[in-house]
1. Of the residues that sit in the range 53-81 and are buried (at least 24 other Cβ atoms within 10 Å of the Cβ) and at pLDDT 75 or above, which one is farthest from the chain's Cα centre (by Cα)?
2. Condition (residue is modelled with pLDDT of 85 or more, surrounded by 15 or more Cβ atoms within 10 Å (Cβ to Cβ) and closer than 30 Å to residue 218 by Cα) applied to the range 359-366: is it met by at least one residue?
3. Pairs please, first residue from the range 316-338 and assigned to a loop (DSSP other than H, G, I, E, B), second anywhere and open to solvent by 20 Å² or more (accessible area, probe 1.4 Å), Cβ atoms under 7 Å, 6+ apart in sequence or on different chains.
4. In the range 163-171, is there at least one residue being modelled with pLDDT of 90 or more, more than 20 Å from residue 94 (Cα to Cα) and basic (Lys, Arg)?
5. From the set of residues in the range 344-358 that are open to solvent by 20 Å² or more (accessible area, probe 1.4 Å) and over 23 Å from residue 126 (Cα atoms), which is modelled with the lowest pLDDT?
6. Residue 307 is checked against (1) in a helix (DSSP H, G or I); (2) within 26 Å of residue 221 (Cα to Cα); (3) of a type in the set (S, T, N, Q) and fails just one. What number does that condition carry?
7. Exactly one condition in (1) at pLDDT 85 or above; (2) buried (at least 17 other Cβ atoms within 10 Å of the Cβ) is not met by residue 103; state its number.
8. Condition first: of a type in the set (A, V, I, L, M, F, W, C) and closer than 25 Å to residue 123 by Cα. Now tell me which residues in the range 279-332 satisfy that.
Amino acid sequence: MQLQNKFFQKIPRTVWVLGFVSLLTDISSEMIHSVLPLFMVSVLGANILTVGIIEGIAEATASVLKVFSGVLSDYLGHRKGLAVFGYGLSTFVKPLFAVATSPTGVLIARFGDRIGKGIRVAPRDALVADSTNPEVRGAAYGLRQSLDTIGAFLGPLAAFALMAASKNNFRLVFWLALIPGFLAVALLIAGVREPRAKQTQVSRSNPLQWQVLRSLDQKYWVLVAVALLFNLGNSSDAFLLLRAEQIGISASLIPLTLVVMNMAYSLSAYPLGILSDRLGKFGLLVGGFLLYALVYLGFAFVQTRWQVWGLFALYGLHLGMSQGLLLALVANSIPANLRGTGFGFLNLAIGLALLPASLLAGELWQTLGAEATFIAGSLFAIAAILLLITQRNKY
């Protein structure tokens, strides 16, 4: 407890505020995303492959845009304005979900929402690195992830309550999701101040010049390659929700699977971040990827509903072991003036993987069955582990 209190005291106010902004945004987003696949299939008549295409395009768009927002934040020397614009855009397009009458309408809404995410994420992650010292960086990213994920399980919980009370009124859930989104934008505007060094350091050099990018060394690019390989098998969570329904979880209970997943994520991310600052991040990251491979094999062969709930909890633990630690390793591998660019290229790699990942998952599900989708995801995770292990001496 004394050690945890010490880490709380060292984590700056900016990280806390960014964490609560993420919490409110995730309540808003997950109220929608936890029921969106079922809305597309049961109300709009979309098939599984269409769900995969929409999810893949949306997520790939977000990740590609993170490069440009990250580069721009390095070029301007300011990150908060881009973050505000990104969070604001994601909030203001949410009414489009409520009025959608076709899969195309959902695609437009998801596209706008993910553009907002693509603009905000790299500057936000760089702000965390700008505001913290390396010795508490794992804890800082873990704390932001934990707060983010509290929102990610409160959102599905709210969706579950609203779905049960309104007799599965999807559109009501989508409209009410606007409220926490507006609160998040207001908190970001009022509560975040960029570090003084960042405010006075305005760089007009182009971060995409070759001589500038050469300062991103092999250690960084290996992490980018690992992220790309891993995410080629990391299809949209929509497939997890559809698998849960296939095994027999009722539509009104589907949002609670994400509650279980995100509770495990939020409870593990911060303690594991502290542990990584003391014991090292590499081994925990490998363990997180290995757990993912085992969980996906579990989803391939799951037979009963109670096993589904357990797998969602373990999936959340995987996220707590890997998401913040990967960001902390990247932050420690790039110079301060290229943090936005570094996080941008990391997310570009993820974005390049997400579209084919969801397309592959949808195609495998349609042609060979759900089992093939999850076995493929497990194999890609194992390949990423092997690549990471070959470079273990660098970390």
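1. This residue is 74.
2. yes
3. 332/134; 333/219; 335/215
4. no
5. 355
6. (2)
7. (1)
8. 282, 285, 319, 321, 325, 326, 327, 328, 329, 330, 331
The values are calculated or read from the model by the stated rules, or taken from the named source; none is laboratory data. Because the structure is predicted, anything quoted here is derived from the model rather than measured. Counting neighbours? That spans all protein chains shown, and the Cβs are built from the backbone with ideal geometry, glycine included. The protein model used for the area step is the full one, side chains on, heavy atoms only, and it has no ligands, DNA or RNA in it. Shrake-Rupley method; radii C 1.70, N 1.55, O 1.52, S 1.80 Å.
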